[in-house]
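Bear in mind these aren't lab numbers, they're just calculated from the coordinates by the rules spelled out. No experiment lies behind these values; they were computed from the predicted model shown. Ideal geometry is used to build each Cβ from the backbone, glycine not excepted, and the neighbour counts take in all protein chains shown.
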Amino acid sequence: MKIKLKIQSISDIITNSSSEIFCAIKSDKNTIIAITEYLQSLGCRFGSWEDDNMIIFDTPYGEGDSGVEESFIPILRELLNKQFGKENYEIITDVQY
């Protein structure tokens, strides 16, 4: 019998803590690289899945109802629209990973 567990990082197992992904940015590889550099220059912290050309944003479990997501996503969208154009990326809010 095989049991598969999806975890976001090995530290989830070690520290017995985890987080919940509340949105991701998806685009082609070159645009994701440019978006990554841009967001890092603004001081944003996030994870990425290079194979999937995605940048992910998460929050610790239990803090998902804090309203951070609802405030963050419109700001993120506005920044990316101005810098990259809204047709060059997609913000996904129902990330299943």
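The table below lists the values:
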| quantity | calculated |
| --- | --- |
| Gain on full stretching of the segment that runs from D94 to F72 - 0.36 nm per residue minus C-alpha separation | 6.4 nm |
| Cα→Cβ-extended label distance, 7 Å offset, between Y38 and L79, nm | 1.0 nm |
| Overall form of the range 24-92 per C-alpha gyration tensor (a/c, 1.5; a/b vs b/c) | prolate |
| 3J(HN,Hα) from dihedral phi, the range 35-46, Karplus parametrisation 6.51/-1.76/1.60, rounded to Hz, x for glycine, proline | 5, 4, 4, 5, 5, 5, 5, 8, x, 6, 10, 6 |
